[in-house]
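Student: Handing you this structure, nothing more for now.
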Amino acid sequence: MTSAAITGADAGVMEPARPGKLEWRREDTTLTVSAGGGWTFDHLPHLDRRQAEILNLATDMRGGTVLIGLGGITAMDTSGAWLLHRLQSRLTALGVRVEMPIGDERHRALLAEVQRVAFDVPTEPALPGGLIRLVNELGKGAIDAVVEGARLLSFFGWTVLTLIRSLVSPGRLRLTSLTHHLEQTCLHALPIVGLIAFLIGVVMAYQGADQLRRFGAEIFTVDLVGVSVLREIGILLTAIVVAGRSGSAFTAEIGAMAVNQEIDAIKTLGLDVVEVLVLPRMLALMIALPLLAFFADILGLFGGGLMAWVVLDITPGQFLNQLDDAIEPATFWVGIIKAPVFAFLIALVGCYQGLLVSGSADSVGRNTTASVVISIFLVIVFDALFSILFSALGV
Amino acid sequence: MDEGTAIRIRGLCTQFGAQRVHDDLDLDVRRGEILGVVGGSGTGKSVLLRQMLGLMRPAAGQIEVLGYDLAHMGRNAWKSLRARQGVLFQDGALFSSLTVAQNVQAPMRERQPLSPDLLRDLAALKIALAGLPPHACDKYPSELSGGMRKRAGLARALALDPDILFLDEPTAGLDPIGAADFDRLIRGLQQSLGLTVVMVTHDLDSLAAICDRIAALVDKRATVGTLEQLRAADDPWLKTYFSGPRGRAALAGDAMSKPLMDGRV
């Protein structure tokens, strides 16, 4: 097999603009490789495959010679230069003598640059697999939850102290900011809160009427709508809408300020972050939420009344009479008393998550999501606690 | 447009409300040069850069980049032009949810499918070319210093071996040593990769050390020339700019550092 020649002709790739080519011819211990065409990023996968074939061929060529001719290369970029450099060093590693005369001045500069930065490719950090990772994540999540809870509690303390301080000296309250947030959280929320409450009133009256008609107790639809809207639905829905609307806005606003280093600026100016950013939002929301809940109550009852009239022929007069029998002032107050507490929770979580934002825009998004999820969760938990409390009190 | 011109701007006008920023501005960027763009605040340096990148349309005038007329381009033309230009934004503008290596790979993946090994090697190459240590590959942008973020941004800008590199204040926020290193890096890459570089900068040291020509935005137009020509110009703003204490210091420093710049980086 001394004179047998193994050749590899390059079929090339069907791509526009001179594709990169790598051809070879082997005679005994000498491998003549000719590179041609565009040695650029676009032809990289093809050239990479051809190169692997050459390396395969050269494995048994220890002590032999590889001649690499670059004459045919029409274009070269750093990727191409790196590929040539890699071919050269891999062949050398196989114990082959490599000769690669470079004619073109630009190619020489590129190859020199790639050689100069001779870099290591760091191995990608491996992720622990399956069960270990699960346990890992679980433990981390549990510890994080506890730490987060403790931090939120300490933020709660800080906020309450500042709140008391500014109630003692009301001159410290920032009225302009308070009014602005009142407009944002209350006035602008009216349409959506009203619409949702109205629709829920309609749905409850309709569903209630359907069920109660079987017992001939249609008239109690009014009791159903009245009690549930005033005690639970009105305030709970409003709180959830406000958590999604204003809680997230608080986090995003304060978070963007944190990214922009405005929080640091506030601190270095000797101002209290809670007093400047948190209190106006919190007080505004604590004023806004009872008002919104009241508005939701009215529209919920209106929706229920309208539906009762349409479906059950209960006239507005009858509706009001029945409503008067069904509810007492306490029913209303039980609902509305929860509003400031929910508002406090939503503002606390929203502002706290905003202050947690650090570094990147990515973190604003993450904390906004967390803010909405946590505040809705807390609102529902506290609603349950209120139910227990009220039933213990016999209200 | 002849072979030697990379970017040609003719009759460019930019208007923000009643305020006219550029008025009938002409500018040529030659192939293989480093052009520095300077100008006072509000003279529209960054606006000009955004217009050259096609991120913003001028009120009037024509911009040609590598023979493409930016006003009349289809999707495919934009795609091929984007592959031939790299941009380094002021603070790197790295994707914060991706590691440095993934940032560099992002334009590569978009261009063609590559095996993970090849992608990894190429990203490491570009990161090394930008002068970052290998361990930076798997870091997130928030874990890097300002200087390293710029280098990572440069690595991403170089991902597809562009013909033109746009730099927005590349040395702003770097310490003098870091800034000088970055200047040398840009010069070295420009020479070995044959890049055309357009850089908006306020750094008189970089202007003196690496820019072949300077375009000064004065009176809503561009005055272009070498550093010496602009220093000799009559315009009062240019005089103050180059002959103020900072200008003089930078130019004196340039005279001393010139021999150093001759060597390869």
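The values are calculated or read from the model by the stated rules, or taken from the named source; none is laboratory data. Here the structure is a predicted model, which is why all the values come from computation and not from measurement. Cβ placement follows ideal geometry from the backbone for every residue including glycine, while neighbour counts extend to all protein chains displayed.
Student: Please find, among B:L98, B:L94, the residue that is part of a loop (DSSP other than H, G, I, E, B), within 11 Å of another protein chain (Cβ to nearest Cβ) and buried (at least 20 other Cβ atoms within 10 Å of the Cβ).
Tutor: B:L94
Student: With (1) more than 22 Å from A:V241 (Cα to Cα); (2) touching a Lys or Arg at 6+ places or on another chain (Cβ under 6 Å) as the list, and A:H181 as the residue in question, which single condition is left unmet?
Tutor: Only one criterion is unmet by A:H181, namely (1).
Student: Report, by residue number, each residue of the range B:192-207 that is over 15 Å from B:E169 (Cα atoms) and touching a residue at least 12 places away in the same chain (Cβ under 8 Å).
Tutor: The first filter runs over the range B:192-207 and keeps only residues over 15 Å from B:E169 (Cα atoms), leaving B:192-196.
Residues satisfying the conditions are B:L193, B:G194, B:L195, B:T196.
Student: Just name the residue that is surrounded by the fewest Cβ atoms within 10 Å (Cβ to Cβ) out of those in the range A:28-58 that are assigned to a strand (DSSP E or B) and either within 14 Å of chain B (Cβ to nearest Cβ) or of a type in the set (D, E) (or both).
Tutor: Once the filter is applied, the top-ranked residue is A:G38.
Student: Would you mind finding the one in A:V222, A:V227 that is touching a Leu at 6+ places or on another chain (Cβ under 6 Å), of a type outside the set (D, E), over 30 Å from A:V357 (Cα atoms) and in a helix (DSSP H, G or I)?
Tutor: One residue alone meets the criteria, A:V222.
Student: Which numbered condition in (1) in contact with a helix residue (DSSP H, G or I) (Cβ under 9 Å, 6 or more places away or on another chain); (2) under 15 Å from B:L217 (Cβ atoms); (3) at pLDDT 90 or above is the only one that B:L88 fails?
Tutor: (2)
Student: Quick check on B:R151: is it more than 24 Å from B:D24 (Cα to Cα) and either touching a helix residue (DSSP H, G or I) at 6+ places or on another chain (Cβ under 9 Å) or modelled with pLDDT of 85 or more (or both)?
Tutor: It is true that B:R151 is more than 24 Å from B:D24 (Cα to Cα) and either touching a helix residue (DSSP H, G or I) at 6+ places or on another chain (Cβ under 9 Å) or modelled with pLDDT of 85 or more (or both).
Student: Which of the residues spanning the range A:69-86 are part of a strand (DSSP E or B) and either surrounded by fewer than 22 Cβ atoms within 10 Å (Cβ to Cβ) or touching a Pro at 6+ places or on another chain (Cβ under 9 Å) (or both)? Spell out how you get there, then give the answer.
Tutor: Residues of the range A:69-86 part of a strand (DSSP E or B): A:69-76.
Of everything in the range A:69-86, those that are part of a strand (DSSP E or B) and either surrounded by fewer than 22 Cβ atoms within 10 Å (Cβ to Cβ) or touching a Pro at 6+ places or on another chain (Cβ under 9 Å) (or both) turn out to be A:G69, A:L70, A:G71, A:G72, A:T74, A:A75.
Student: I'd like to verify a number: residues in the range B:112-140 that are over 23 Å from A:Q115 (Cβ atoms) and either more than 7 Å from every other protein chain (Cβ to nearest Cβ) or free of Cβ contacts under 8 Å to residues at least 12 places away in the same chain (or both), how many?
Tutor: First, pick out the residues of the range B:112-140 that are over 23 Å from A:Q115 (Cβ atoms): B:112-113, B:115-116, B:138-140.
Then keep just the ones that are either more than 7 Å from every other protein chain (Cβ to nearest Cβ) or free of Cβ contacts under 8 Å to residues at least 12 places away in the same chain (or both); that gives B:112-113, B:115-116, B:139-140.
Of the residues in the range B:112-140, 6 are over 23 Å from A:Q115 (Cβ atoms) and either more than 7 Å from every other protein chain (Cβ to nearest Cβ) or free of Cβ contacts under 8 Å to residues at least 12 places away in the same chain (or both).
Student: When only residues in the range A:204-218 that are part of a helix (DSSP H, G or I) and out of contact with any helix residue (DSSP H, G or I) (no Cβ under 6 Å at 6 or more places or on another chain) count, which is nearest to A:P280 (Cα to Cα)?
Tutor: This residue is A:Q207.
Student: For the range B:176-218, enumerate the residues that are in a loop (DSSP other than H, G, I, E, B), modelled with pLDDT of 85 or more and more than 14 Å from chain A (Cβ to nearest Cβ).
Tutor: Of everything in the range B:176-218, those that are in a loop (DSSP other than H, G, I, E, B), modelled with pLDDT of 85 or more and more than 14 Å from chain A (Cβ to nearest Cβ) turn out to be B:T201, B:C211, B:D212.
Per-residue answers, yes or no, for (1) within 14 Å of another protein chain (Cβ to nearest Cβ); (2) loosely packed, with under 12 Cβ neighbours inside 10 Å:
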site	(1), (2)
A:V98	no, no
A:H107	yes, no
A:T123	yes, yes
A:G130	no, yes
A:V135	no, yes
A:V146	no, yes
A:G149	no, yes
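Student: Take the residues of the range B:57-77 that are without any contact (Cβ under 8 Å) to a residue 40 or more places away in the chain and hydrophobic (A, V, I, L, M, F, W, C): which is farthest from B:D24 (Cα to Cα)?
Tutor: Top of the filtered list is B:A77.
Student: Among the residues of the range A:311-347, what is the count of those that are surrounded by fewer than 16 Cβ atoms within 10 Å (Cβ to Cβ) and more than 44 Å from the chain's Cα centre (by Cα)?
Tutor: So the answer is 9.
Student: Failed condition for A:V66, given (1) surrounded by 16 or more Cβ atoms within 10 Å (Cβ to Cβ); (2) within 14 Å of chain B (Cβ to nearest Cβ); (3) closer than 20 Å to A:T32 by Cα, with all others met?
Tutor: (2)
For (1) basic (K, R); (2) without any contact (Cβ under 8 Å) to a residue 24 or more places away in the chain; (3) under 30 Å from A:G80 (Cα atoms); (4) exposed (fewer than 15 other Cβ atoms within 10 Å of the Cβ), each residue gets a yes or a no:
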residue	(1), (2), (3), (4)
A:L161	no, yes, no, yes
A:R174	yes, no, no, no
A:S177	no, no, no, no
A:H181	no, no, no, no
A:Q184	no, no, no, no
A:L187	no, yes, no, yes
A:P191	no, yes, no, yes
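Student: While we're looking at this one, here's another question. If you check B:R84, B:R149, B:R156, which single one turns out to be within 13 Å of chain A (Cβ to nearest Cβ) and under 18 Å from A:T78 (Cβ atoms)?
Tutor: B:R84
Student: Return yes or no: is A:T179 part of a helix (DSSP H, G or I) and of a type outside the set (F, W, Y)?
Tutor: Yes.
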